[in-house]
Amino acid sequence: MSRFLIRRLLNMIPLLLGITFISFVAMSLVPGDFVSNLKLNPTITPEVIHQLQAQFGLDQPLMVRYAKWLWGVLHLNFGFSLSYRVSVTGLIASRAFNTIILALSSMIFSWMIAIPIGIIVAVNQNSIWDRILSFLAFFGMSVPNFFLAFLMMYLALKTGWFPIGGTFSVDYATLDPLSKVADRIQHLYLPVFVLGISGTAGLMRLMRSQILEIKNSDFVRTARAKGLNRRQVMWGHVLRNAMIPVMTVMGLQFANLLAGTIVVENVFYLPGLGRLIFQSISNRDLIVVRNCVMLLAAMVVIVNFVVDVLYAAIDPRIKASEL
């Protein structure tokens, strides 16, 4: 198992380097930046613009700028934000926590709903519950995140049951520690629901199809012939094999959740990386955009590494084939 983990970790190094290079080049090819846009201001002279470009290394060759940026990333120094006038490291650190909590909470919500429902509809195939829940799954897969977000915002405004935006209430500073935690959680209800519901539908459908396929396999019939009861067959044989492709989708789902945070955070006014990316694109602050994209991509790589580890824990054949 240790050799399997080491090999997976070593494989992450060239992948992360490739991500940093692609994200840097892509952002460098985007026409215009914060300094170049200063030319539109008649009060700023060309000499000042050239001085700023030299100060931030924007006049250097691409590979030189990439090498300096990568060296700074390795030392957790992401540069300086020209629009926010602060360090990008501190700016990202103040926003990343909210995005990570939102994405992980949405993923956990999706798993907790999708996997049990997928098992229920598969065990009760062609029943009324199967038809109802399958219809709701198709509905959840069809509704765009932005539409559902605005719908939930409208519901919150009309009913007053949920906070409509932000990460805490106005009287947050006066609350006791336990109430502060509860207040933070309440502000996550709607964003987590909106982000998690589309992934829930897809996972539920996949879980159902996998269980139905494996339920009729030869090794399942053999297990029943040996005298195992229905519960032992389901938990010991069917679910363990059905979870392998489901976990693949879980890893991909995390990438979709991170992409969805850009929309959801802007609708619900959550100060996360998604909202920071949107604001930085509007300000043409490509330094911030580049680092945020790189960080989000690194999160996806790390989550997929965790999925690989779970693969090996569930199916020893995968671990053995790597050794």
Residue pairs meeting the criteria (Cβ under 9 Å; at least 6 apart or on separate chains; first among the hydroxyl-bearing types (Ser, Thr, Tyr), in the range 123-152; second at pLDDT 75 or above and part of a helix (DSSP H, G or I)): 127/121; 134/121; 134/204; 134/205; 134/208; 142/201
Restricting the range 236-245 to residues that are touching a residue at least 60 places away in the same chain (Cβ under 8 Å) and open to solvent by less than 40 Å² (accessible area, probe 1.4 Å), the residue that is farthest from residue 100 (Cα to Cα): 239
Any hit, the range 272-284, residues being assigned to a loop (DSSP other than H, G, I, E, B) and either under 25 Å from residue 307 (Cβ atoms) or touching a Lys or Arg at 6+ places or on another chain (Cβ under 6 Å) (or both): yes
Some residue of the range 182-203 being open to solvent by less than 80 Å² (accessible area, probe 1.4 Å), under 24 Å from residue 116 (Cβ atoms), part of a helix (DSSP H, G or I) and hydroxyl-bearing (Ser, Thr, Tyr): yes
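Are any residues in the range 94-143 under 30 Å from residue 291 (Cα atoms), among the small types (Gly, Ala, Ser) and crowded, with 17+ Cβ neighbours inside 10 Å, and if so, which ones?
As a first pass, look at the range 94-143 and keep what is under 30 Å from residue 291 (Cα atoms): 94-111.
From what is left, the residues that are among the small types (Gly, Ala, Ser) are 94, 96, 103, 105-106, 110.
Passing the criteria: 96, 103, 105, 106, 110.
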Scope the range 25-36; condition assigned to a helix (DSSP H, G or I) and at pLDDT below 80; matching residues: 26, 27, 28, 29, 36
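Every residue in the range 246-294 that is on the phi > 0 side of the Ramachandran plot and either open to solvent by less than 40 Å² (accessible area, probe 1.4 Å) or of a type in the set (Ser, Thr, Tyr) (or both), please. Give the steps one after another, and end with the answer.
As a first pass, look at the range 246-294 and keep what is on the phi > 0 side of the Ramachandran plot: 269, 284.
Correct list: 269 only.
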Number of the condition not met by residue 219 [criteria: (1) in contact (Cβ under 8 Å) with a residue 12 or more places away in the chain; (2) exposed (fewer than 13 other Cβ atoms within 10 Å of the Cβ); (3) part of a loop (DSSP other than H, G, I, E, B)]: (3)
All positions within the range 8-25 that are surrounded by 13 or more Cβ atoms within 10 Å (Cβ to Cβ) and in contact (Cβ under 8 Å) with a residue 60 or more places away in the chain: 8, 12, 15, 16, 19, 20, 23, 24
Residue list for the range 62-79, filter: surrounded by 16 or more Cβ atoms within 10 Å (Cβ to Cβ) and more than 18 Å from residue 272 (Cα to Cα): 65, 66, 69, 73, 79
Conditions (1) buried (at least 19 other Cβ atoms within 10 Å of the Cβ); (2) more than 25 Å from residue 131 (Cα to Cα): number failed by residue 226: (1)
Pick from the range 153-167, criterion in a helix (DSSP H, G or I) and surrounded by 15 or more Cβ atoms within 10 Å (Cβ to Cβ), ranking: nearest to the chain's Cα centre (by Cα): 153
Every pair of residues 6+ apart whose Cβ atoms lie under 7 Å, when the first sits in the range 222-234 and is closer than 20 Å to residue 208 by Cα and of a type in the set (D, E, K, R) while the second is open to solvent by less than 90 Å² (accessible area, probe 1.4 Å) and modelled with pLDDT of 70 or more: none
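Would you call residue 97 among the hydrophobic types (A, V, I, L, M, F, W, C), out of contact with any helix residue (DSSP H, G or I) (no Cβ under 6 Å at 6 or more places or on another chain) and modelled with pLDDT under 75? Steps first, answer last, please.
Numbers: among the hydrophobic types (A, V, I, L, M, F, W, C): yes; out of contact with any helix residue (DSSP H, G or I) (no Cβ under 6 Å at 6 or more places or on another chain): yes; modelled with pLDDT under 75: no.
Answer is no for this residue.
The values are calculated or read from the model by the stated rules, or taken from the named source; none is laboratory data. Only a predicted model underlies this, so the values are computations on that prediction, with no experimental measurement involved. Here the Cβ is made from the backbone with ideal geometry for all residues, glycine too, and neighbour counts use every protein chain on show. For accessibility, only protein heavy atoms count, side chains too; no ligands or nucleic acids. Shrake-Rupley method; radii C 1.70, N 1.55, O 1.52, S 1.80 Å.
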